[in-house]
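Trainee: I am attaching a structure below and will ask some questions about it afterwards.
The values are calculated or read from the model by the stated rules, or taken from the named source; none is laboratory data. A quick note: this is a predicted structure, and the numbers were derived from the prediction, not measured. Using ideal geometry, Cβ is built from the backbone for each residue, glycine included, and neighbour counts are taken over all protein chains shown. When the accessible area is computed, the model is the full protein with side chains, heavy atoms only, and any ligands, DNA or RNA have been set aside. Shrake-Rupley method; radii C 1.70, N 1.55, O 1.52, S 1.80 Å.
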Amino acid sequence: MSVKLTPISNGVEGLFISNDRFNTTLVSFNFYLPLDKQSVAVNGLLPFVLTTCSDKYKDFSKLNYKLSKLYGAHLDASTEKNGDYQLLKISASVIADRFAIDGESLTAEACDLLLSLIFEPKVENGAFCEEDVEREKRKAIEHIRGEISEKRTFARNRMIEEMFKDDAYGVSKCGSEEDVRAINGESLYKAWENMLKTAFIRVQVVSSGMPAGLFDKVREKFDAAARENVTVCGKSKHVIPRDTVNTVVDKMDVAQGKLVMGFSSEIEGDSENTVPLMVLSDIFGGGPYSRLFTNVREKMSLCYYCSASSVRSKGLLMVDSGVEAENFEKAQSEILNQLDIIKKGEFSDFEFDSSIKSLKDSLKTYNDSQSAIDLWYALRVIDKELTSPEEFAEKLSSVTREKVIDTAKGVKLHTVYKLMPIDAVKE
């Protein structure tokens with residue numbers, strides 16, 4: 001797999017990711033905007049409205065007919081948090097050009113379709129159709145309610161909200177239900193105009209071959225878009241350590257409590273700088289060889305589950321666990337004890353080697369999916385160098401026990417979030 005980055009227009013770049021393992025081609029348009037509470041919900045709704053209809057395809061049945069003519073092409077939309085930025089993603093997957101019966105360039109046609117959806121939406125008098133907006137609003141609200149119903153996800157989101165309450169990263173990627181309800185056709189139209197004018201944009205193509213002139217079509221569209229004040233995707237704001245731990249308790253009608261702990265670290269930024277934090281996180285609470293799994297969960301039976309993860313762009317290390325009400329204090333104490341063990345270097349070579357091997361194996365799975373490869377590069381827009389999953393795996397080999405210990409010593413508990421059963425919380 002090889003990659004080639006091409007400047008296209010003001011704040012627009014193209015990335016061709018050469019990969020001949022698949023019989024399909026994936027084309028994605030990635031829009032990066034500052035993460036902001038006032039606009040996160042309306043921005044997040046845009047990709048979903050844009051991929052269901054347009055001025056040319058007035059409803060999804062007409063759009064679906066067009067996709068069927070492209071040998072069953074598939075459209076997808078998503079919104080993600082990428083550090084202090086919101087990533088709006090619109091993509092199309094179509095069979096590779098070499099399989100086209102009449103020799104047509106299906107990749108170019110898929111790109112044309114995406115450009116049509118993005119630049120020629122179904123609007124009237126400066127507003128999106130309210131029927132289309134309301135339909136996607138209902139879906140967004142269902143998604144938000146679904147995350148609240150899934151208590152593990154809810155608890156993780158609440159910890160991040162509390163830990164980053166004065167930071168853009170604390171905002172949910174979809175906004176609140178209240179924010180979504182407030183969206184109308186006019187506000188969505190303004191958000192669409194702002195996206196085209198100010199978003200940093202990367203157009204990615206994952207395919208065995210790049211059709212000639214494809215990025216030229218993209219250039220023509222964006223050169224005419226009067227782009228200004230384009231978002232500069234730089235380093236995200238780092239987690240600021242706290243002198244005292246922030247503890248937040250919520251009470252809900254749940255049978256199993258949730259304990260989520262957020263830690264600041266001294267490592268953040270691009271892929272090059274954050275490899276040791278990734279290894280630390282995995283030794284701490286990654287696979288079945290990790291400190292949290294073997295000790296807190298298995299030996300001491302303090303948690304139903306207990307795992308660690310990291311957010312490289314923010315320097316965040318997070319532990320989330322399912323805990324019985326009477327075990328909250330014991331579990332928290334033992335989680336901190338396991339981190340202290342790593343800080344002292346008292347973890348085994350088996351744990352270290354198992355972590356490196358497991359992380360390398362997980363990186364290999366990116367090549368099993370075009371969408372995974374596409375997202376890998378989309379989330380690394382701030383990196384100084386374009387590093388493939390394979391190249392990142394090689395960087396893991398350079399991580400030493402000493403570097404993991406040094407990284408652990410810079411980790412400090414910041415916020416503790418507890419979701420407890422109502423009758424287990426003292427007034």
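Trainee: Take the alpha carbon atoms of segment 216-235, find their center, do the same for segment 45-83, and report the distance between the two centers in whole angstrom.
Mentor: 22
Trainee: Rounded to the nearest 500 deg cm²/dmol, what is the calculated helix-only ellipticity per residue at 222 nm for the chain, with -39500 (n - 2.57) per DSSP H run of length n ≥ 4? The partial results should precede the final answer.
Mentor: Details: 14 runs with 170 residues, N = 427.
Taking each H run of at least 4 residues, the total per residue is -12500 deg cm²/dmol.
Trainee: Next up: Just flag the trypsin sites (Lys or Arg not before Pro) in segment 351-390 sitting in loop per DSSP whose Cβ has no more than 14 other Cβ atoms within 10 Å.
Mentor: K384
Trainee: For segment 228-340, just say rounded, prolate or oblate: build the C-alpha gyration tensor, square-root its eigenvalues into a ≥ b ≥ c, call rounded for a/c under 1.5, and beyond that prolate if a/b exceeds b/c, oblate if not.
Mentor: Numbers: a/c = 2.36, a/b = 1.63, b/c = 1.45.
It is prolate, given that a/c is not under 1.5 and a/b is the larger ratio.
Trainee: Same structure again: Per residue, how much accessible surface does the chain expose to a 1.4 Å probe? Answer in Å², no decimals. Before the final figure, lay out the partial values.
Mentor: Details: 18980 Å² over 427 residues.
With the other protein chains kept in place, the chain gives 44 Å² per residue.
Trainee: Which entries in K69/K139; K58/K89; K62/K151 show an alpha-carbon gap greater than 30 Å? Please list the in-between numbers first.
Mentor: Numbers: K69/K139 27 Å; K58/K89 21 Å; K62/K151 39 Å.
Among K69/K139; K58/K89; K62/K151, the Cα-Cα distance tops 30 Å for K62/K151.
Trainee: Can you pull the one-decimal nm distance between simple spin-label points at D253 and D349, each 7 Å off the Cα toward Cβ?
Mentor: 5.6
Trainee: Then there's this: For segment 1-144, just say rounded, prolate or oblate: build the C-alpha gyration tensor, square-root its eigenvalues into a ≥ b ≥ c, call rounded for a/c under 1.5, and beyond that prolate if a/b exceeds b/c, oblate if not.
Mentor: On the way: a/c = 1.97, a/b = 1.27, b/c = 1.56.
Oblate is the answer for segment 1-144, as a/c is 1.5 or above yet b/c matches or exceeds a/b.
Trainee: Using a Cα distance threshold of under 15 Å, what count of lysine pairs results for segment 205-357 when pairs must be 8 or more residues apart or interchain?
Mentor: Numbers: K235/K314; K237/K314; K258/K330; K299/K330.
Taking the Cα cut-off of 15 Å, the pair count is 4.
Trainee: Just reorder M1, M195, M210 by solvent-accessible area, largest first, 1.4 Å probe, all chains present. Can you show the working numbers first?
Mentor: Values: M1 85, M195 5, M210 65 Å².
Most to least solvent-accessible, the answer reads M1, M210, M195.
Trainee: Could you report the accessible area of K66 in Å², rounded to 10, computed with a 1.4 Å probe on the protein chains as they sit in the structure?
Mentor: Probe radius 1.4 Å; accessible area of K66 about 50 Å².
Trainee: Can you pull the percent of the chain's accessible area that's carbon plus sulfur, 1.4 Å probe, other chains left in place?
Mentor: On the way: 9210 of 18980 Å².
On the chain, the fraction of accessible area on carbon and sulfur atoms equals 49 percent.
Trainee: Based on DSSP, what percent of beta bridges with both residues in the chain are antiparallel, to the nearest 5? Display every interim value, and only then the final one.
Mentor: Working: 57 of 71 bridges.
Once the DSSP bridges in the chain are tallied, antiparallel ones form about 80 percent.
Trainee: Right, something else. Could you size up the charge dipole of segment 280-427 around its Cα centre, putting +1 on the beta carbon of Lys and Arg and -1 on that of Asp and Glu, and report it in debye to the nearest 20? Numbers along the way, then the final one.
Mentor: On the way: 20 positive and 24 negative charges, 79 e Å.
I would put it at about 380 debye.
Trainee: What is the Cα centroid distance between segment 372-427 and segment 114-178, reported in whole angstrom?
Mentor: Here the two parts' Cα centres lie 25 Å apart.
Trainee: Need one word for the chain: rounded, prolate or oblate. Basis is the Cα gyration tensor (sqrt eigenvalues a ≥ b ≥ c); a/c below 1.5 gives rounded, then a/b vs b/c decides.
Mentor: Working: a/c = 2.12, a/b = 1.50, b/c = 1.41.
Cα axes put the chain in the prolate bin.
Trainee: Still on this structure, please answer the following. How many nm is it between the label spots at D112 and E391, if each spot is 7 Å from the Cα in line with the beta carbon?
Mentor: 3.4
Trainee: May I ask you to list the trypsin sites (Lys or Arg not before Pro) in segment 96-181 that are in a DSSP loop and have at most 13 other Cβ atoms within 10 Å of their Cβ? Before the final figure, lay out the partial values.
Mentor: On the way: sites: R98, K122, R135, K137, R138, K139, R145, K151, R152, R156, R158, K165, K173, R181; in loops: K122, K165, K173.
Those satisfying the criteria are K165.
Trainee: Can you list which of the GluC sites (Glu not before Pro) found in segment 336-426 are DSSP loop residues with at most 14 other C-beta atoms within 10 Å? Don't jump to the answer; show the numbers that get you there.
Mentor: Values: sites: E346, E351, E385, E390, E391, E394, E402; in loops: E346, E385.
Here the sparse-neighbourhood loop sites are E346, E385.
Trainee: Would you tell me the accessible area of I160, worked out with a 1.4 angstrom probe on the heavy atoms of the protein chains, in Å² to the nearest 10?
Mentor: 20
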